[in-house]
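In what follows, a single structure is set out as structure tokens and then discussed.
The values are calculated or read from the model by the stated rules, or taken from the named source; none is laboratory data. Here the structure is a predicted model, which means the values were calculated and not measured. Cβ: placed from backbone, ideal geometry, glycine included. Neighbour counts: every protein chain shown. Note: areas computed on protein heavy atoms with side chains; ligands, DNA, RNA excluded. Shrake-Rupley method; radii C 1.70, N 1.55, O 1.52, S 1.80 Å.
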Amino acid sequence: MQNEFEDILYTAEQIQERVRELALEIDSEYRGKDLTIVGVLSGSLIFMADLIRYLPFPVRLDFLTARSYRDAVPDGEIEYVEHFREDLTDRHVLLIDDIIDTGGTMKCVCKNIMRYSPASLAVCVLLDKSVRREVEVSVDWTGFVVPDKFVVGYGLDYNGRHRNLPFIAAIQEGL
Ligand code: IMP
Ligand code: MG
């Protein structure tokens, strides 16, 4: 499977090492607090599953779906659906996403979460394509800063595929 992807940016081992480091930092920030981790589906699925298993204290999990339709509709339109089981009011909330690119999606998500008046809100993304940022968003934890390439694997897709790759690779769009 690996042969198809020549431009591997992060191997499965490198990802695990970084995710474990992030978990250590998150642990020191939240230990002793009642933390709700909110995953942005579908991209955060694998990152979140690994990250939470490195956290040595009990957390709550909730999910939302956020999807930008950059090809189908004008820029800035985001499909946003909450699947929350708990009220986030007065909760410490940590948002998890796979990648922040222009920042539009995360800005929209944060704005919506803030309606609940959480006790605190922080953001953790695995990848930051920081050179493409158009909207200012505060990110508290970042796994890797990536170059301006389209990346797939470890939760990230291209047209719905490749989320299940254990590594992260850059691909040429349109193939
Ligand atoms: P933003 O709103 O421009 O920050 O885009 C964020 C969303 O675009 C992410 O949650 C991803 O779903 C998607 N995205 C941006 N760059 C990539 C990429 O390189 N690979 C896969 N998905 C990406
Ligand atoms: Mg996404």
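Would you work out the charge dipole size for the chain about its Cα centre, treating the Cβ of every Lys and Arg as +1 and the Cβ of every Asp and Glu as -1, and quote it to the nearest 20 debye? List each step's numbers first, then the result.
Values: 19 positive and 30 negative charges, 66 e Å.
Dipole of the chain, to the nearest 20 debye: 320 debye.
To one decimal place, what orientation-averaged projected area in nm² is obtained for the convex hull of the Cα set of the chain?
In nm², the orientation-averaged hull projection of the chain is 10.0.
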Show me, for region 154-169, the HN-Hα J-couplings you get by feeding each phi into the Karplus relation (A = 6.51, B = -1.76, C = 1.60, θ = phi - 60°), rounded to Hz, glycine and proline as x. 6, x, 8, 10, 10, 6, x, 10, 6, 4, 7, 5, x, 10, 10, 10
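Counting Lys and Arg as +1 and Asp and Glu as -1, what is the net charge of the other residues whose Cβ lies under 10 Å from the Cβ of residue 142? The partial results should precede the final answer.
On the way: positive: 18; negative: 128, 140.
Net charge in that neighbourhood comes out at -1.
When the chain is fully extended, how far beyond the present Cα-Cα distance does residue 138 get from residue 159, taking 0.36 nm per residue of separation? The partial results should precede the final answer.
Details: separation 21, 0.36 × 21 = 7.56 nm, distance 2.78 nm.
Taking residue 138 through residue 159 to full extension adds about 4.8 nm, to one decimal.
Counting only GluC sites (Glu not before Pro) that are in a DSSP loop and have at most 15 other C-beta atoms within 10 Å, tell me the longest site-free stretch of the chain. Can you show the working numbers first?
Values: sites that count: 6, 77, 86, 134, 136, 173.
Answer - 7-76.
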Of all accessible surface on region 12-148 at a 1.4 Å probe, what whole percent is carbon and sulfur? 48
Select from the chain the helices, each a whole stretch of DSSP H, whose alpha-carbon atoms run 20 Å or more along the helix axis and whose Kyte-Doolittle mean is at least -1.0; answer none if there are none. 12-30
How much length is gained on full extension from residue 172 to residue 148, taking 0.36 nm per residue of separation minus their Cα-Cα distance? 7.5 nm
Counting other Cβ atoms within 10 Å of each Cβ, which trypsin sites (Lys or Arg not before Pro) in region 72-165 have at most 14 and sit in a DSSP loop? 85, 115, 149
Rounded to the nearest 5, what % of the DSSP beta bridges within the chain are antiparallel ones? 35
